[in-house]
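Take a look at the structure below.
The values are calculated or read from the model by the stated rules, or taken from the named source; none is laboratory data. Only a predicted model underlies this, so the values are computations on that prediction, with no experimental measurement involved. Quick reminder, even Gly has a Cβ in these numbers, built from the backbone with ideal geometry, and neighbours come from all protein chains shown.
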Amino acid sequence: MDYVTLNNGVKMPQLGFGVFQIPDLKESEAIVSSALTAGYRLIDTAATYLNEEAVGKAIDKSAIPREEIFVTTKLWLQDAGYEATKKAFQTSLDKLGLDYVDLYLIHVPFNDYYGSWRAMEELYQAGKIRAIGVSNFSEDRLVDLIMNSEIKPAVNQIEIHPLRQQRRALEVMKEYDVQAEAWAPFAEGNGNIFQNDTLIKIAEKYDKSPAQVMLRWQLQRGTVVIPKSANVQRMQQNIDVFDFELSPTDMEAIQLLETGFKIVDHLTADIAKSFNEVRM
Ligand SMILES: NC(=O)c1ccc[n+]([C@@H]2O[C@H](COP(=O)([O-])OP(=O)(O)OC[C@H]3O[C@@H](n4cnc5c(N)ncnc54)[C@H](OP(=O)(O)O)[C@@H]3O)[C@@H](O)[C@H]2O)c1
């Protein structure tokens, strides 16, 4: 496993396990246990994924020391604002059954996220969270938050995959020393991505799968990546990406796969409306 060092000195595994959209929520605990057995040491959950309890149970039942597992959870916009955030954080902590989380993220840049950030700064200073960050922040919102806060985000978790490569967003994050983390590294299977000719040809060269090539491409770009799989063989495959290196030519070939496709465009009225309607 490779690690990145966040802007506050905290070390974070560069590859983790995402637990969004597990078809049967009752399976979540067993799936997270399998991921821990497969070697994952970063688990990415969120209040809205409704499986924080299952993640906590799997961690508790594993023989792995707590400090070796990096746990991320996220604040939903329904709980935005100073007071609501403090309460929501405690609820997440209780559901996870933990004394602290490693990374707490503002899930989406809507509602009173400045109030949330003030609460998160205090929770961070009190030692309840090892690093605080954001998710789905466009570069203008990210820089505005940095310019108006005491503590800058350690991480911005955004949609990144070969069809949406986010080059400008990555440049800005690099400039401000904010670690980029990629959600939906396989574009959630959209655009027939696992059947893409370029990815298949590159994969054959290294005796790997298109999925492994997509993950390796992210690692070599310096992003943290959190693939999800409910299938044990695929979760093992997705962590087996540290024994090969894509050549500069292959990295460039993947760069040409950008299409502008977006799973979610947070800059649209429809998304602002529909996300505000999601209640837990
Ligand atoms: N911050 C945010 O707003 C946000 C939004 C979305 C996601 N996320 C996070 O990012 C994580 C990953 O994103 P995601 O789950 O949306 O999508 P993803 O990881 O891009 O894609 C998951 C899909 O790929 C399949 N898959 C996984 N490994 C595969 C392999 N080796 N070969 C072929 N198919 C494979 C999975 O099927 P099987 O399960 O059947 O293997 C599933 O259908 C989430 O779980 C969540 O933690 C965050």
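Looking at region 224-239, which of its residues are crowded, with 16+ Cβ neighbours inside 10 Å, more than 6 Å from the ligand (Cβ to nearest atom) and of a type in the set (Val, Ile, Thr)?
Residues satisfying the conditions are Val224, Val225, Ile239.
Looking at Gly127, is it on the phi > 0 side of the Ramachandran plot and either at pLDDT below 95 or outside any helix (DSSP H, G or I) (or both)?
Working: on the phi > 0 side of the Ramachandran plot: yes; either at pLDDT below 95 or outside any helix (DSSP H, G or I) (or both): yes.
Answer is yes for this residue.
Taking region 188-222, which residues are within 14 Å of His161 (Cβ to Cβ) and hydroxyl-bearing (Ser, Thr, Tyr)?
Correct list: Thr198 only.
Going by the structure shown, is Lys74 within 21 Å of Ser229 (Cα to Cα), basic (Lys, Arg) and surrounded by 15 or more Cβ atoms within 10 Å (Cβ to Cβ)?
Yes; evaluated as a whole, the condition is true for this residue.
Pick from Glu67, Glu27, Glu83, Glu52: which is touching a Lys or Arg at 6+ places or on another chain (Cβ under 7 Å) and either among the charged types (D, E, K, R) or within 13 Å of the ligand (Cβ to nearest atom) (or both)?
Unique residue meeting the criteria: Glu52.
Could you figure out which of (1) of a type outside the set (S, T, N, Q); (2) more than 15 Å from the chain's Cα centre (by Cα); (3) within 16 Å of the ligand (Cβ to nearest atom) isn't true of Ala184?
Only one criterion in (1) of a type outside the set (S, T, N, Q); (2) more than 15 Å from the chain's Cα centre (by Cα); (3) within 16 Å of the ligand (Cβ to nearest atom) is unmet by Ala184, namely (2).
Quick one: would you say Gln212 is closer than 30 Å to Phe110 by Cβ, crowded, with 18+ Cβ neighbours inside 10 Å, at pLDDT 95 or above and within 16 Å of the ligand (Cβ to nearest atom)?
no
Would you call Glu68 within 21 Å of Ile160 (Cα to Cα) and among the charged types (D, E, K, R)?
Spelling it out, it is not the case that Glu68 is within 21 Å of Ile160 (Cα to Cα) and among the charged types (D, E, K, R).
Got a sec? Which of Leu36, Leu6, Leu25, Leu42 is more than 19 Å from Asn156 (Cβ to Cβ) and surrounded by 19 or more Cβ atoms within 10 Å (Cβ to Cβ)? Full working, then the answer.
On the way: Leu6 fails: more than 19 Å from Asn156 (Cβ to Cβ); Leu25 fails: surrounded by 19 or more Cβ atoms within 10 Å (Cβ to Cβ); Leu42 fails: more than 19 Å from Asn156 (Cβ to Cβ).
Unique residue meeting the criteria: Leu36.
Taking the condition surrounded by fewer than 16 Cβ atoms within 10 Å (Cβ to Cβ), of a type outside the set (D, E, K, R) and not in a helix (DSSP H, G or I), does Gly189 pass?
Against the criterion (surrounded by fewer than 16 Cβ atoms within 10 Å (Cβ to Cβ), of a type outside the set (D, E, K, R) and not in a helix (DSSP H, G or I)), Gly189 does not qualify.
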